[in-house]
Amino acid sequence: MNSSEISFAADRMLGRLARLLRLLGYDTLYAPNMTPARLLEIARASGRVILTRGNAEKRFPGGLSLLSVRSEYAPEQLREVVKKFGLDTRSGLWTRCTLCNGAIERVGKQEIEAEVKPRVFQVYDEFYRCAGCRHVYWRGSHVERILRNLEALIEKTGESKV
């Protein structure tokens, strides 16, 4: 399943999972201060799958699509979600901001010079910016580490590589 076909609403217990899903390109609503009632209202209105822990039916009544993840650890939670929904773990990588869920767009190097450290500006040529919160991204050494960790994580689900 690709990132345009499914979207999620993660409850306040699943912030790290929300960031991982966003990293994979999945539209994932997460607001730690949102009440379960408001999250349910938004999920119903937008057709999102609610992700939670614990007794999901009690917290989110109404028979809409939801998943209560079993693990308390984000990497294992991600494995559960990927497996349950058959998520595509490659095509949407790095298309959503992990901070705010906004779309990430490529920007010209000169546009961000004042927004990054001089060393980063000198070393890297490709930069990206979130259309929502305006956070600037670049493909530094941390990206390779994240991809290796993500690949190892996804391999445990039996899914294809990142």
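Just so you know, all these numbers are worked out from the coordinates, no wet-lab data involved. Worth saying up front: this structure is predicted, and the values here are computed from it rather than measured. Cβ placement follows ideal geometry from the backbone for every residue including glycine, while neighbour counts extend to all protein chains displayed.
Taking a Cβ cut-off of under 9 Å around M13, the surrounding Lys, Arg, Asp and Glu residues balance to a net charge of 0, with basic ones at +1 and acidic ones at -1.
Specify the angular offset, from 0 to 90 degrees and rounded to the nearest 10, of the alpha carbon long axis of helix 36-46 from the longest principal axis of the alpha carbons in the chain. With both axes taken from Cα atoms, the answer is about 70 degrees. Computed from backbone phi, the HN-Hα couplings of region 115-121 come to 9, 10, 5, x, 5, 4, 4 Hz, rounded to whole numbers (Karplus: 6.51 cos²θ - 1.76 cosθ + 1.60, θ = phi - 60°; Gly and Pro given as x).
Mean-square fluctuations from a GNM of the chain, with a 10 angstrom spring cutoff on Cα atoms, peak among Y73, Y137, Y26 at Y73. Under 5 Å between amide hydrogens, built in the peptide plane, is the criterion, and for F127 it picks out V107 among residues at least 5 positions away or on other chains. Residue order for D27, D11, D125, fewest other beta carbons within 10 angstrom first, comes to D125, D27, D11.
Computed from point charges on the beta carbon alone (+1 for Lys and Arg, -1 for Asp and Glu), the dipole magnitude for region 7-89 about its Cα centre is near 120 Debye. Ordered by the number of other Cβ atoms lying within 10 Å of each residue's own Cβ, fewest first, S65, S141 fall into the sequence S141, S65. The distance from the alpha carbon centre of region 64-135 to that of region 1-54 is 15 Å, rounded to a whole number. Counting Lys and Arg as +1 and Asp and Glu as -1 over every other residue whose Cβ lies under 12 Å from the Cβ of G92, the net charge comes to 0.
Which one of L14, G102, V136 has its Cα pushed farthest toward the positive end of the charge dipole of the chain, where Lys and Arg give +1 and Asp and Glu give -1 at the Cβ? Checking the options against the dipole of the chain, the answer is L14. For the chain, the 222 nm mean residue ellipticity estimated from helices alone, with every DSSP H stretch of n ≥ 4 adding -39500 (n - 2.57) and the total spread over all residues, rounds to -10000 deg cm²/dmol. Structural descriptor for region 7-89: relative contact order 29 percent, calculated from alpha carbon pairs under 8 angstrom and at least 6 residues apart. Computed about its Cα centre, the charge dipole of the chain is approximately 360 debye, with only Lys, Arg, Asp and Glu carrying charge at their Cβ.
Would you be so kind as to identify which of A45, G86, P32 lies farthest towards the positive end of the dipole of region 7-89, taking Lys and Arg as +1 and Asp and Glu as -1 on Cβ and the Cα centre as origin? Checked the options; the winner is P32. Quick one: Debye curve from the alpha-carbon atoms of region 7-89 only, equal weights, vacuum; give me log10 I(q)/I(0) at q = 0.15, 0.17, 0.21 Å⁻¹ to two decimals. Scattering profile of region 7-89, log10 relative to I(0): -0.45, -0.59, -0.92.
Taking the Cα atoms only, what angle lies between the long axis of helix 74-85 and the longest principal axis of the chain, rounded to 10 degrees? With both axes taken from Cα atoms, the answer is about 70 degrees. Extension gain, M13 to Q110: 0.36 nm times the residue separation minus the Cα-Cα distance gives 31.0 nm.
Residue order for Y30, Y128, fewest other beta carbons within 10 angstrom first, comes to Y128, Y30. DSSP beta bridges fully contained in the chain are about 40 percent antiparallel.
Altogether, the Stokes-Einstein calculation at 20 °C and 1.002 mPa s, with the Kirkwood radius of the chain over Cα pairs as Rh, returns a diffusion coefficient of 128 µm²/s.
Counting Lys and Arg as +1 and Asp and Glu as -1 over every other residue whose Cβ lies under 14 Å from the Cβ of R129, the net charge comes to 0.
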